[in-house]
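Here's the structure we're looking at; comments come further down.
The values are calculated or read from the model by the stated rules, or taken from the named source; none is laboratory data. Keep in mind it's a predicted model, so treat the numbers as computed, not measured. We place every Cβ from the backbone using ideal geometry, glycine too, and count neighbours over all the protein chains shown. For accessibility, only protein heavy atoms count, side chains too; no ligands or nucleic acids. Shrake-Rupley method; radii C 1.70, N 1.55, O 1.52, S 1.80 Å.
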Amino acid sequence: QGYQTSGGLGQDYTYSPLAQATANPYTFECILNNVGIDTQQTTFKVEVNDGQNSNVFSGSSNQLNLSYGQQDTIAVNSQFTPNNLGLYTINMWGESQGVTTGITTSTDTTTKFSTVTNYVYGKDNNSPSGSWGLNRANPQAGGFEVSSSYDIYSDVDLYSVDIHIADWSVPGSNVYAVIYEEDIAGGDPFSIYYSNDYTITQSDLGNWVNIPFDSPIFLSSGIQSYRIAVGAYAHPTDTVGINVSGLGEFSSDGLLDNDGIFNNGQPQWYTIGDIPMLRM
């Protein structure tokens, strides 16, 4: 969502609140590459089905002519605005016809999933594929924050964040949540609010944990982009991690080295290539 018609980052959301999806409809695009000899007259097509496997959207791009070895970005002409909550399955493929041969071919079909929710905003696949450590059982290792950025297209109040705790975390470790506002000039984000500390229990390991804020935090569509993060502290025995789910080619996620372990004692933000299981 957000690739073409807005000023957002343009990310793939696997869980999208209806208000956000309505304000920023789904846009579909791809890169097509002609690996054949003949020039291809190519179109990009999309079918969206709801949870009952009923078709709710069909779309196609304008025709794109690709010569041998040429590739280009192509987008469907129309956008999809969901009307109901639930799971949507998105199938995308390219069709082409050779200018000389007249032979019609199709690419493989790429399938993505997105769930429209009442309130939950997320980018993970709901299945851990690894983890990031927020601290380590070593006072020299420092404390870290793992973050995920979200575009806001409809004004909303943020009440809490959900994090998925790694199963190797030590019960009794403390974590906290932060909300940041992105710097439109491209600098580091600046913090808006910190939660109280949350103490990890045995039952939290490998599960979702909700960390509330003391009062709702207003997120403005005029600001557009915010960053939520979960962090922990340097400690001689405590260690805790957050699970990740999927690679972040189409997601903006980061790591804050609070104690400057990698930067001569100076805090520093870094980009990471994983999607943290960290939801608004």
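What's the total number of residues in segment 221-262 that are open to solvent by 30 Å² or more (accessible area, probe 1.4 Å) and small (Gly, Ala, Ser)? Residues flagged as open to solvent by 30 Å² or more (accessible area, probe 1.4 Å) and small (Gly, Ala, Ser) within segment 221-262 amount to 4.
Residues checked against (1) in a loop (DSSP other than H, G, I, E, B); (2) over 15 Å from the mean Cα position of the chain (by Cα):
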site	(1), (2)
212	no, yes
217	no, yes
221	yes, yes
227	no, no
230	no, yes
244	no, no
251	yes, no
254	no, no
264	yes, yes
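Candidates 167, 183, 157: the one that is at pLDDT 95 or above, out of contact with any strand residue (DSSP E or B) (no Cβ under 6 Å at 6 or more places or on another chain) and either under 21 Å from residue 126 (Cα atoms) or charged (D, E, K, R) (or both) is 167.
Annotation: residue 123 fulfils all but one of (1) within 14 Å of the chain's Cα centre (by Cα); (2) over 30 Å from residue 215 (Cβ atoms); (3) open to solvent by less than 10 Å² (accessible area, probe 1.4 Å); the unmet one is (2). Among the residues making up segment 61-90, a single one is touching an Asp or Glu at 6+ places or on another chain (Cβ under 9 Å), assigned to a strand (DSSP E or B), open to solvent by 40 Å² or more (accessible area, probe 1.4 Å) and not hydrophobic (A, V, I, L, M, F, W, C): 73. Regarding residue 111, is this residue of a type in the set (Ser, Thr, Tyr), in a loop (DSSP other than H, G, I, E, B), in contact with a Ser or Thr (Cβ under 9 Å, 6 or more places away or on another chain) and exposed (fewer than 13 other Cβ atoms within 10 Å of the Cβ)? For residue 111, the condition - of a type in the set (Ser, Thr, Tyr), in a loop (DSSP other than H, G, I, E, B), in contact with a Ser or Thr (Cβ under 9 Å, 6 or more places away or on another chain) and exposed (fewer than 13 other Cβ atoms within 10 Å of the Cβ) - is not met.
Which is buried (at least 20 other Cβ atoms within 10 Å of the Cβ) and in contact with a helix residue (DSSP H, G or I) (Cβ under 8 Å, 6 or more places away or on another chain), of 147, 169?
169
Selection within segment 23-60: residues that are β-branched (Val, Ile, Thr), modelled with pLDDT under 95 and under 24 Å from the mean Cα position of the chain (by Cα). The member of this set that is farthest from residue 11 (Cα to Cα) is 31. Looking only at residues in segment 9-56 that are aromatic (Phe, Trp, Tyr) and in contact (Cβ under 8 Å) with a residue 60 or more places away in the chain, the one that is surrounded by the fewest Cβ atoms within 10 Å (Cβ to Cβ) is 15. Can you find even one residue in segment 173-196 that is more than 22 Å from residue 244 (Cβ to Cβ), open to solvent by less than 30 Å² (accessible area, probe 1.4 Å), of a type in the set (Val, Ile, Thr) and in a loop (DSSP other than H, G, I, E, B)? No: zero hits.
Screening residue 64 with (1) in contact with a Phe, Trp or Tyr (Cβ under 6 Å, 6 or more places away or on another chain); (2) of a type in the set (A, V, I, L, M); (3) modelled with pLDDT under 95 gives one miss only, at (1). Being more than 19 Å from residue 275 (Cα to Cα) and assigned to a strand (DSSP E or B) holds for only one residue in 159, 153, and it is 159.
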